[in-house]
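Each remark here refers to the structure printed beneath this line.
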Amino acid sequence: MLDQMDDGSHEITLNRIGGDAKSYGVLRWSAAAGLTCSLTLSVSHQPPISESVGVGRFKQDCYDQPEAIAFTDDGTRIELYGLRLDRFPKVNHEVPESVVRELQDAEDLDHIPPMSGPTYTGTALKAVIDIARDLLLAFDNSTEESNRLYFSGSTGMLHHSSEAVTFVARDGSSTQTRRVCTPLSDGISLIGINVLIKGSDGGWLAYKYEPPSERDLGGTSEQLFISFLNGRKVPFHWWDKRDGAIIRRTYYGSQILKHEHYNGIMTLPLDGIEAAQYGIEVLQNLPTLFEGFCRKLGQVNFAPALNSMWVARESYLDHQMAVASVGVEQVLKAWREWKKSPNAPQIATKKSIWRDESLKKVIIQNGLMPVLNELIQDNRLSHLTLEEKNELAVLRSRLQSLWKPKNEMALATPFAEAGLVLSELEIKSLKRRDPHLHGEWLDYPLNAADLDHHAEHLDSLCMLITKFVLKLAGYTGTYRDFASRPIDSNFEIKRLS
């Protein structure tokens, strides 16, 4: 029914797809490829997908309504959502022995057709299956909580509590491991346990209470927080809900992001040799950081900026600075929107001519604008075409926008107003925004100095966004400075004041 392969993937045998005893297949889940499937349908059976909505598109209800229902050998129901199958299936000429037995038992047929239907391969957005709790892959006692999310990522080397657990499966086999727990709040805990997916670190985000709807789990502040701790986008692979003798598991089809460069390096010193010196302090501050992170996320939406930062780190070399600069722009946008809200505190701003409304009035409203208005009223622009006259409205708008600071000054505002003192390198990195967003690429062939400067500016922007989030959350502890350039040691550990 449900097996774990040598590469750590899970494989589920499917029978009676769409209620058709002659249709069968295999559903596979892996951290690298998400949900993939191979469905062999009877000659008379149509692919289990609804009417086409266009190439590469999904139906609006594909996440709520299953597009195919199948059953395992023991009759367990499996629901497949958001199927995307190849248009050109493979034609088969044999029927597997398991299907032969299924046909004989279910329909008492005297003969088997010489040719089975075509085989479609494709992917799914999610799959829901009920797993008996006494099966090994149910991982039943990995958590005490009944609701949990499994992710590929690190939970750190230190934890609040540790407990030995033994699991005995229905076939008599047993496994022993340790369950370690770090409470993030009264109802949410971070659970670390020995590797469940071969070759990959992982953990659980466990809920003592009923979590939000399954559809909303992927975008919760909790998932964003786990990603923030890991310094990269952390994929959540499945959601388990314990119900009596079964665990209802929802596998997600999203693929894991590659993260070779930053793999295993956490934002805070919770792993590596630094954990021995700083880990206990960070661990004690983690619930406070989690609370501040979630609270501030509801006020200043820094989620897009974090996602841009993670994408930049994993992007092609030519695009990294452009994507990271977008992240900085998203910080500015979120900060400005928050400052407009009635609950935002009054923040003292640095004096600048760009904020001097009286000077703006003298130069723009009483100076340049009257000159333009006089030209129009005196009919001295009558020689212009209609199209050119329509462009005068654009000219008016541009005159108003002249009274704006340079981009790097505006981009620095949210960081400074949040209480961060920008370094010379960070100011230089902000100045790189314009050339990279306007199409400047690295000059080839590259030399070592080019690559070093590029990486330095990229890490500087990413670190600036990271410090901004920590500052908003009220964190005053230690962090890893990914923008540091130690010659003969690890990244510097600094304290956010």
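Among the listed residues 267, 250, which satisfies the condition of being closer than 22 Å to residue 131 by Cα, in contact with a strand residue (DSSP E or B) (Cβ under 7 Å, 6 or more places away or on another chain) and at pLDDT 90 or above? Please lay out each step first, then the result.
Working: 267 fails: closer than 22 Å to residue 131 by Cα.
The unique qualifying residue is 250.
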message: Please verify whether residue 476 is assigned to a helix (DSSP H, G or I), more than 25 Å from residue 317 (Cβ to Cβ) and at pLDDT 85 or above, treating the condition exactly as stated.
response: no
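Restricting to the range 313-332, name every residue that is within 17 Å of the chain's Cα centre (by Cα) and at pLDDT 90 or above.
If we filter the range 313-332 for residues that are within 17 Å of the chain's Cα centre (by Cα), which is where we start, we get 313-315, 323-324, 326-327, 330.
323, 324, 326, 327, 330 - these are the residues of the range 313-332 that are within 17 Å of the chain's Cα centre (by Cα) and at pLDDT 90 or above.
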- prompt: Within the range 294-350, how many residues are assigned to a helix (DSSP H, G or I), charged (D, E, K, R) and within 19 Å of residue 411 (Cα to Cα)?
  reply: 6
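Residue by residue, here is whether (1) surrounded by 12 or more Cβ atoms within 10 Å (Cβ to Cβ); (2) modelled with pLDDT under 65; (3) part of a loop (DSSP other than H, G, I, E, B); (4) out of contact with any Cys (no Cβ under 7 Å at 6 or more places or on another chain) holds:
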{"position": "58", "(1), (2), (3), (4)": "yes, yes, yes, yes"}
{"position": "78", "(1), (2), (3), (4)": "yes, no, no, yes"}
{"position": "87", "(1), (2), (3), (4)": "no, no, yes, yes"}
{"position": "100", "(1), (2), (3), (4)": "yes, yes, no, yes"}
field: Residue pairs meeting the criteria (Cβ under 8 Å; at least 6 apart or on separate chains; first closer than 13 Å to residue 231 by Cβ, in the range 303-314; second of a type in the set (Ser, Thr, Tyr))
entry: 306/227; 309/466; 310/227; 313/262
- request: Would you be able to tell me the number of residues in the range 137-165 that are among the polar types (S, T, N, Q), closer than 25 Å to residue 232 by Cα and outside any loop (DSSP other than H, G, I, E, B)?
  value: 3
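Report, by residue number, each residue of the range 267-323 that is aliphatic (A, V, I, L, M) and either over 28 Å from residue 457 (Cα atoms) or in contact with a Lys or Arg (Cβ under 8 Å, 6 or more places away or on another chain) (or both). Don't jump to the end; show me each part of the working.
Residues of the range 267-323 aliphatic (A, V, I, L, M): 268, 270, 273, 275-276, 280, 282-283, 286, 289, 297, 300, 303, 305-306, 309, 311-312, 317, 321-323.
Result: 268, 276, 280, 283, 286, 311, 321.
Which residues, taken from the range 178-202, are in contact with a helix residue (DSSP H, G or I) (Cβ under 8 Å, 6 or more places away or on another chain), assigned to a strand (DSSP E or B) and either under 20 Å from residue 131 (Cα atoms) or at pLDDT below 90 (or both)? First the steps, then the outcome.
First, pick out the residues of the range 178-202 that are in contact with a helix residue (DSSP H, G or I) (Cβ under 8 Å, 6 or more places away or on another chain): 179, 182-185, 188, 190-191, 193, 196.
Adding the requirement that they be assigned to a strand (DSSP E or B) leaves 179, 182-183, 188, 190-191, 193.
The answer is 179, 193.
The values are calculated or read from the model by the stated rules, or taken from the named source; none is laboratory data. Note that the structure is a prediction, hence the values are computed from the model and not measured. All Cβ positions, even for glycine, are placed from backbone atoms using ideal geometry, and neighbour counts span all protein chains on display.
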